[in-house]
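Q: Quick one: the structure is below, questions incoming.
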Amino acid sequence: MQSAPSIQTLLDEFSRLPGIGPKSAQRIVYWLLNSDRATSERLAEAIMNVKDSVHFCKTCFNYAEGDCCQICESPDRDRGVICVVSEPRDIPPIERTHEFSGLYHVLGGALSPLEGIGPDDLHIGELMARLSSSEVHEVILATNPNVEGETTASYLARLIRPLGITVTRLASGLPVGGDLEFADEVTLGRAIETRRTL
């Protein structure tokens, strides 16, 4: 059965979201149709607010609303340890473990020669600048445990070690080929606790 054009347009847009298939899109759209107008307006306003006010932190490249993210601005964080991740979405799972109290650096991806992503395409230069002008004594490489993540971690370890900074990697608990954003808190917490020197 053909939907009204405006319904079909909304179904198509929701179906484009990651993890949302046609059936999930249909449930969301019909829920919105049965909700009051204020609910739809709040959702639309929240989406536009995020697009208008969120950008990258000038220090670590996490998502931020000001110049710096809340983590970089916090006086309670250990400024001697930086955890390097591939994407901003990798930070919340680590934060939920309550095992890490340092700072972060988001690379904006991982090295992937097959996709044409090299060192100049990531925030590696900015990381090295942070390490040369700060009191950092340890860098935790928390890239995903897949081919691209391991390649990136090895490359960064070779760059950082000559600076006299301890380089560690998340250890046991993370499955090879998995993504940090899908790891549970216990597994990720154990990986942080048992990280190893590279």
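The values are calculated or read from the model by the stated rules, or taken from the named source; none is laboratory data. Quick caveat: nothing in here was measured; it's all calculated off a predicted structure. Backbone-built Cβ (ideal geometry, glycine too); neighbour counts: all protein chains shown.
Q: Give segment 85-137 a look and list any residue that's within 18 Å of residue 147 (Cα to Cα) and charged (D, E, K, R), or say none.
A: 87, 90, 115, 121
Q: Read through the list (1) under 19 Å from residue 179 (Cα atoms); (2) more than 18 Å from the chain's Cα centre (by Cα); (3) in contact (Cβ under 8 Å) with a residue 60 or more places away in the chain, then give the number of the only condition that residue 115 fails.
A: All conditions pass for residue 115, except number (3).
Q: Look through segment 118-159, keep the residues that are hydrophobic (A, V, I, L, M, F, W, C) and farther than 20 Å from residue 62 by Cα, and return whichever of them is farthest from the chain's Cα centre (by Cα).
A: Going through segment 118-159, the residues hydrophobic (A, V, I, L, M, F, W, C) turn out to be 122, 124, 127-129, 131, 136, 139-142, 147, 153, 156-157, 159.
Next, only the ones that are farther than 20 Å from residue 62 by Cα stay: 147, 157, 159.
Details: 147: 18, 157: 20, 159: 22 Å.
Per the stated criteria, the residue is 159.
Q: Only one of 135, 150 is more than 20 Å from residue 92 (Cβ to Cβ), in contact (Cβ under 8 Å) with a residue 40 or more places away in the chain and either assigned by TED's automatic domain parsing to the domain that holds residue 78 or among the charged types (D, E, K, R) (or both). Can you tell me which? Explain how you work it out, then say what you get.
A: Working: 150 fails: in contact (Cβ under 8 Å) with a residue 40 or more places away in the chain.
Exactly one residue qualifies, and that residue is 135.
Q: Regarding segment 35-56, can at least one residue be identified that is aromatic (Phe, Trp, Tyr), at pLDDT 95 or above and surrounded by fewer than 18 Cβ atoms within 10 Å (Cβ to Cβ)? Working first, answer last.
A: At the first step, the residues of segment 35-56 found to be aromatic (Phe, Trp, Tyr) are 56.
Now restrict to residues that are at pLDDT 95 or above: 56.
From what's left, surrounded by fewer than 18 Cβ atoms within 10 Å (Cβ to Cβ): 56.
Yes; the residues of segment 35-56 include at least one that is aromatic (Phe, Trp, Tyr), at pLDDT 95 or above and surrounded by fewer than 18 Cβ atoms within 10 Å (Cβ to Cβ).
Q: Between residues in segment 15-35 that are free of Cβ contacts under 8 Å to residues at least 60 places away in the same chain and residues that are assigned to a loop (DSSP other than H, G, I, E, B), which pairs lie under 8 Å by C-beta distance while being six or more apart or on different chains?
A: Between residues of segment 15-35 that are free of Cβ contacts under 8 Å to residues at least 60 places away in the same chain and residues that are assigned to a loop (DSSP other than H, G, I, E, B), the close pairs are 15/21; 25/17; 28/20.
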